[in-house]
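The values are calculated or read from the model by the stated rules, or taken from the named source; none is laboratory data. What you are looking at is a predicted structure, and each value in this text was computed from that prediction instead of being measured. Ideal geometry is used to build each Cβ from the backbone, glycine not excepted, and the neighbour counts take in all protein chains shown.
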């Protein structure tokens, strides 16, 4: 009797690629615990500094923002946590059933459930991303896109207690069903996406462009009007609880001093970073973060433009370009190396670019990206700010 999943099937190959990536991250974790001193001994550590010290193998994956997702899952929203959209912590809470009277057990359960949601979501995101790319392009480009996504220096966030992997899955599904002509599911997943991250609202203009390119009847693609509902519901929740429809936006200036009020043009942001590169001490740990943010800030602006010349669909490209530009309007590229990992069209464009290079340069670039992944993962797991 034949096995239903062949060793040569995309599902099996993607599963092996995913598991290899996951094992590598675990190995990095084990080495970093023994070799790298803690960057912050009293804050930003998953589970709190005491619990982190007892089980860094688990709580390391909830450092920085992960702490907030666990807190929301256990207690609900508290002051200054409105920047973290609700779908991911709601799922954690639903499956872990935390008990706020038993903090340690609740932290362990929510951390484990958060990791399961993230990693399972990421595998299925890779699977449907492969299917989506294969509609237009070759297997080689599809696999190369996924490899680039996995070796990107901040891809470890997909395996942490963060909502990146869940958002990637939902947004890819929205595009996938739009390409298949199922506009109801495209709109439904888009609605969930806009309640998962602010970037989900960008699916509305992207899928509108997709519908126009497909010359779809209005009666069919009208379902994309569902997309803003996730965000709108969350905005009303914020208004009724803290009196501010866009608390998630206003809080950015509190949690990150590098963010500014008003609207900042991208050239102004680049100028600021060039100035920092030449003035910040190279031995300061923040220097490598500034360099990474600047390189990513240049690359992910240019990649959607390059993708236009490689005949990548306009709906994909506008989504990636708007997704990159949105966080820069507050005058900073802070966290952009993390934000961009959900914008798969830029990685698709990068796959086309790299595929045209000589083989040894391709290998060299992949090695450099992988070394960046090792370094950034190790630093994050030990409490250093990465993105």
Consider residue 321 carefully, then state whether it is touching a helix residue (DSSP H, G or I) at 6+ places or on another chain (Cβ under 8 Å), surrounded by 19 or more Cβ atoms within 10 Å (Cβ to Cβ) and not assigned by TED's automatic domain parsing to the domain that holds residue 203.
yes
So how many residues does the range 221-247 have that are touching a helix residue (DSSP H, G or I) at 6+ places or on another chain (Cβ under 9 Å) and in a loop (DSSP other than H, G, I, E, B)?
3
Could you list all residues from the range 250-276 that are surrounded by 14 or more Cβ atoms within 10 Å (Cβ to Cβ) and modelled with pLDDT of 90 or more?
266, 269, 270, 272, 273, 276
In the range 53-64, which residues are part of a helix (DSSP H, G or I) and surrounded by 22 or more Cβ atoms within 10 Å (Cβ to Cβ)?
56, 59, 60, 61, 62
Could you list, in sequence order, all residues of the range 325-359 that are over 18 Å from residue 145 (Cα atoms) and free of Cβ contacts under 8 Å to residues at least 40 places away in the same chain?
327
With the first residue restricted to the range 278-293 and required to be under 15 Å from residue 154 (Cβ atoms), and the second required to be in a helix (DSSP H, G or I), Cβ contacts under 7 Å at 6 or more apart or on different chains are 290/273; 290/276; 290/277; 291/277; 292/337; 293/273; 293/336; 293/337
Here are some residues: 345, 304. Which one is within 21 Å of residue 265 (Cβ to Cβ), buried (at least 24 other Cβ atoms within 10 Å of the Cβ) and modelled with pLDDT of 95 or more?
304
Does residue 168 fit the bill of being surrounded by 24 or more Cβ atoms within 10 Å (Cβ to Cβ), over 23 Å from residue 56 (Cα atoms) and within 15 Å of the chain's Cα centre (by Cα)?
yes
In this structure, is residue 85 assigned to a loop (DSSP other than H, G, I, E, B) and either touching a strand residue (DSSP E or B) at 6+ places or on another chain (Cβ under 9 Å) or modelled with pLDDT of 95 or more (or both)?
yes
Selected residue (only one of 36, 24 is surrounded by 11 or more Cβ atoms within 10 Å (Cβ to Cβ) and either over 30 Å from residue 142 (Cα atoms) or not assigned by TED's automatic domain parsing to the domain that holds residue 139 (or both))
36
Kindly check whether there is at least one residue in the range 360-372 that is under 29 Å from residue 64 (Cα atoms) and buried (at least 23 other Cβ atoms within 10 Å of the Cβ).
no
Tally up the residues in the range 360-387 that are touching a residue at least 12 places away in the same chain (Cβ under 8 Å) and within 30 Å of residue 48 (Cα to Cα), please.
17
Suppose we keep only residues that are touching a helix residue (DSSP H, G or I) at 6+ places or on another chain (Cβ under 9 Å) and within 13 Å of residue 107 (Cβ to Cβ) within the range 73-89. Which one would you say is surrounded by the fewest Cβ atoms within 10 Å (Cβ to Cβ)?
74
